[in-house]
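To keep things clear, I will list the structure first and then write my remarks on it.
The values are calculated or read from the model by the stated rules, or taken from the named source; none is laboratory data. In this text, all values refer to a predicted model and were calculated from it rather than measured experimentally. Backbone-built Cβ (ideal geometry, glycine too); neighbour counts: all protein chains shown.
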Amino acid sequence: MRIQFDWMKTMALLLTLSLFAVTTIAQSSEAPTIATIKSRGKLIVGGKHDVPKFGFKNTQTGAIEGFESDIIRLIAKELLGDEKKVEIVHVTASTRLGLLNNGEIDFVMATMTVTDQRKREVDFGPVYFTDALAILAPKEGSVKGLKDLNGKVAAVQKGSTGAVRILERGKEAGIQLRTIELDNYVLCLQAVQSGRAAAMATDRSILLGYAAQDPRMIVLPDRLSAEPYAAAFRKDAADLRALVSKIFEKLEKSGDLNKLMAKHGIS
């Protein structure tokens, strides 16, 4: 009995140490607070550099331009008194949560859809735009709707809700649809342009931006799901989330949010 008791104590101790180590790793970076951001003198936000109308890098000026980028700068102005005191770090669907949780960015504002699964990992601010899953395909091609993707391949961004939703919609429509998951939207578009994929599936507003750049492409009219966008915060960053939520409330009441949507042709 003595040997068994010592063994059980040892196993319990090892389990406790393991749990402590995991917790320490998960919380290895301090939560971004209003005080720490003001002390730093710069807001650091995970945003898009490759999505027309939302966050797109101007190759001539190097500036990040778009609806979300403008909002990020307004938040920086409210928080630090200067819209230039901000760094917009490029993120993708597969990198944004890692960068957020390890403390490299203060929050995420990057065409991120609110889902129940993501709510387990992060806290969301208010929804500032609701998009819809759609399909982009060549104008002269055979894909005119979801069912035309039967037996074909759709390009999707790795880690995105679109990657999951398009397969769900295909199953509901009774078609055999395959996807290729790529690291960013540009690679998805290139896959369609080269014929590697028959279509690209993601949020409609994102696709409209890419279709505007390539007149050979068209965004099909079907809206296949609702995709509500919101900023994402670490669960231990309650004060920052509360402040950003108040700023969104102010932008909505003043009508500035709608003005920014109109400025960038988002609807």
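Name the residue that is modelled with the lowest pLDDT, counting only residues in the stretch 72-98 that are in a helix (DSSP H, G or I) and among the small types (Gly, Ala, Ser).
98
What residue, among those in the stretch 227-252 that are in contact with a strand residue (DSSP E or B) (Cβ under 6 Å, 6 or more places away or on another chain) and outside any helix (DSSP H, G or I), is surrounded by the most Cβ atoms within 10 Å (Cβ to Cβ)?
Taking the candidates together, the pick is 231.
Condition test on residue 69, is it surrounded by 10 or more Cβ atoms within 10 Å (Cβ to Cβ), within 21 Å of residue 231 (Cβ to Cβ), modelled with pLDDT of 95 or more and of a type in the set (S, T, N, Q)?
yes
Could you say which residue among 167, 146 is in the same structural domain as residue 192 (by TED's automatic domain parsing), crowded, with 21+ Cβ neighbours inside 10 Å and either within 12 Å of residue 199 (Cβ to Cβ) or touching a strand residue (DSSP E or B) at 6+ places or on another chain (Cβ under 8 Å) (or both)?
Among 167, 146, only 146 is in the same structural domain as residue 192 (by TED's automatic domain parsing), crowded, with 21+ Cβ neighbours inside 10 Å and either within 12 Å of residue 199 (Cβ to Cβ) or touching a strand residue (DSSP E or B) at 6+ places or on another chain (Cβ under 8 Å) (or both).
Does any residue of the stretch 183-196 turn out to be assigned to a loop (DSSP other than H, G, I, E, B), under 17 Å from residue 155 (Cβ atoms) and either touching a Gly at 6+ places or on another chain (Cβ under 6 Å) or at pLDDT below 95 (or both)?
Looking for residues that are assigned to a loop (DSSP other than H, G, I, E, B), under 17 Å from residue 155 (Cβ atoms) and either touching a Gly at 6+ places or on another chain (Cβ under 6 Å) or at pLDDT below 95 (or both), one finds at least one in the stretch 183-196, hence yes.
Looking at the stretch 52-69, can you tell me whether even one residue there is part of a helix (DSSP H, G or I), of a type in the set (D, E, K, R) and either over 13 Å from the mean Cα position of the chain (by Cα) or more than 21 Å from residue 255 (Cα to Cα) (or both)?
no
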